Amino acid sequence: MELNKIILGPIVNWKSVNRMDEATKLRRVELKKNVIILISAIALTLVTVDIVAQPGGMRYYRQGMMGRGGTMCYGNIDTMKEVLNLSDGQIERISRINSEFGDALFRLYEKMRPLQTRLRELLLNDINNLNGLRAVLTRISEVEVDIRMTRIRQMIAIEKVLTRAQRDRLRQERRMTNAD
């Protein structure tokens with residue numbers, strides 16, 4: 001009889017442990033999701049803080065070999081004039097394109113600012129509402145996609161102004177900049 005308890009005891013307990021493990025597994029999966037959301041939110045906040053801390057704040061342009069004020073593919077007119085040997089007409093049209101897209105980008109960055117503030121507030125307080133946090137992160141991601149798409153449209157508009165040789169040179173410079 002005692003031998004049966006020793007042998008069967010762990011088996012009987014094993015079934016109850018399995019049931020408990022299923023509940024524990026569900027809690028662990030939920031916890032993992034929450035941790036991933038939290039880590040993503042913190043990473044996004046750190047990237048945002050880094051961008052805001054750059055000279056020019058939210059209108060920060062990546063500085064590199066292409067000179068101050070941004071890379072050539074986004075219309076740094078001074079560098080483009082030098083490297084691509086632009087005509088006066090091209091300079092005027094690219095300046096207009098930069099102005100139009102600059103205004104659109106500024107509006108997008110202004111749309112992003114309250115979302116980033118809200119995210120910061122959510123992360124600094126006790127996180128009780130993960131769905132609210134997810135909603136803010138989703139909205140920030142949507143605005144970031146809009147910013148990138150606006151940049152791509154700007155690049156396409158500028159490339160249409162250039163000759164084929166100038167476009168090839170621009171793409172070569174872009175590849176060199178992206179290599180670093």
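The values are calculated or read from the model by the stated rules, or taken from the named source; none is laboratory data. None of these values were measured; they are calculated from a predicted model. Please note: Cβ atoms are built from the backbone with ideal geometry, for glycine as well, and neighbour counts cover all protein chains shown.
Structure data summary
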| quantity | calculated |
| --- | --- |
| Scan of region 163-180 for residues that are surrounded by 15 or more Cβ atoms within 10 Å (Cβ to Cβ) and either modelled with pLDDT of 95 or more or among the hydrophobic types (A, V, I, L, M, F, W, C) (or both), ordered by number | LEU170 |
| Long-range neighbours under 6 Å by Cβ, at least six apart or interchain, first residue under 16 Å from MET112 (Cα atoms) within region 124-140, second among the basic types (Lys, Arg) | VAL136/ARG118 |
| Only listed residue being at pLDDT below 60 and either within 16 Å of LEU170 (Cβ to Cβ) or basic (Lys, Arg) (or both), chosen from ARG19, ARG28, ARG93 | ARG19 |
| Filter result (part of a helix (DSSP H, G or I), charged (D, E, K, R), under 20 Å from the mean Cα position of the chain (by Cα) and over 21 Å from GLN90 (Cβ atoms)) within region 121-180 | GLU121, ARG134, ARG139, GLU142, GLU144, ASP146, ARG148 |
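Every residue, every condition in (1) aliphatic (A, V, I, L, M); (2) farther than 15 Å from THR45 by Cβ; (3) surrounded by fewer than 17 Cβ atoms within 10 Å (Cβ to Cβ), yes or no:
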{"position": "ILE91", "(1), (2), (3)": "yes, yes, yes"}
{"position": "ILE97", "(1), (2), (3)": "yes, yes, no"}
{"position": "ARG120", "(1), (2), (3)": "no, no, yes"}
{"position": "LEU124", "(1), (2), (3)": "yes, no, yes"}
{"position": "SER141", "(1), (2), (3)": "no, no, yes"}
{"position": "ASP146", "(1), (2), (3)": "no, yes, yes"}
{"position": "MET149", "(1), (2), (3)": "yes, yes, yes"}
{"position": "ILE158", "(1), (2), (3)": "yes, yes, no"}
{"position": "VAL161", "(1), (2), (3)": "yes, yes, no"}
